Amino acid sequence: MIPTKKNANPFRMLCRLYTSATSSKSDSYTTNKTPSPLKAMLMTKVVVGRGYKMTQDDTTRMGPPLGYHSVLREPDEAGSLGYDEVVVYDNDAIRPTYLIVY
């Protein structure tokens, strides 16, 4: 996929699968296509493999560095990331385990 919006963040647009252990972060990405008082979220198991740790946002990153399987975006006090995220680039690295409706 190629970013089509001007100034689009290619890291976020080219990622295959974004996950977070922080439920409020995941909730911010839920949307309903039809009016409903309910939302749904998948709880998943993720195979991280060798993860590349980042604490600063990098809008130029298109994937993990050579020799890594995923990107671990971890916030710290000096970093620019507000929430934890794991980004994997292979559909086989993630499996849904539960459907949560709330």
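The values are calculated or read from the model by the stated rules, or taken from the named source; none is laboratory data. Bear in mind the structure is a predicted one, so any value in this text is a computation, not a measurement. Methodologically, a virtual Cβ is constructed for each residue, glycine included, from the backbone with ideal geometry; neighbour enumeration extends over all protein chains shown. We work out accessible area using only protein heavy atoms, side chains counted, and drop any ligands, DNA or RNA first. Shrake-Rupley method; radii C 1.70, N 1.55, O 1.52, S 1.80 Å.
With respect to the conditions (1) assigned to a loop (DSSP other than H, G, I, E, B); (2) modelled with pLDDT of 85 or more, Tyr98 lacks only one, and its number is (1).
Within segment 53-60, identify whether any single residue is open to solvent by less than 70 Å² (accessible area, probe 1.4 Å) and at pLDDT 85 or above, and answer yes or no. So far as segment 53-60 goes, yes, one or more of its residues are open to solvent by less than 70 Å² (accessible area, probe 1.4 Å) and at pLDDT 85 or above. Considering segment 50-93, the qualifying strands (runs of 3 or more DSSP E), each wholly inside and each with 3 or more residues that are closer than 21 Å to Ser26 by Cβ and under 13 Å from the mean Cα position of the chain (by Cα), run over 70-73, 85-88.
For residues that are of a type in the set (Lys, Arg) and open to solvent by less than 60 Å² (accessible area, probe 1.4 Å), scanning just segment 61-97, find the one that is nearest to Leu17 (Cα to Cα). Please lay out each step first, then the result.
Of the residues in segment 61-97, the ones of a type in the set (Lys, Arg) are 61, 73, 95.
Subsequent filtering for residues that are open to solvent by less than 60 Å² (accessible area, probe 1.4 Å) retains 61, 73.
Numbers: Arg61: 15, Arg73: 13 Å.
Restricting to residues being of a type in the set (Lys, Arg) and open to solvent by less than 60 Å² (accessible area, probe 1.4 Å), the top hit is Arg73.
A count restricted to segment 40-49 and to residues that are assigned to a loop (DSSP other than H, G, I, E, B) and closer than 30 Å to Val101 by Cβ stands at 2. Under the condition of being under 13 Å from Tyr18 (Cα atoms), among the hydroxyl-bearing types (Ser, Thr, Tyr) and open to solvent by 100 Å² or more (accessible area, probe 1.4 Å), the residues counted in segment 30-47 number 0.
Residue pairs whose Cβ atoms lie under 8 Å apart, sitting 6 or more positions apart in sequence or on different chains, and linking a residue in segment 27-42 that is in contact (Cβ under 8 Å) with a residue 40 or more places away in the chain to a partner that is surrounded by 11 or more Cβ atoms within 10 Å (Cβ to Cβ) and outside any loop (DSSP other than H, G, I, E, B), are Lys39/Asp27; Ala40/Ile100; Met41/Ser23; Met41/Ser26; Met41/Asp27; Met41/Ile100; Leu42/Ile100.
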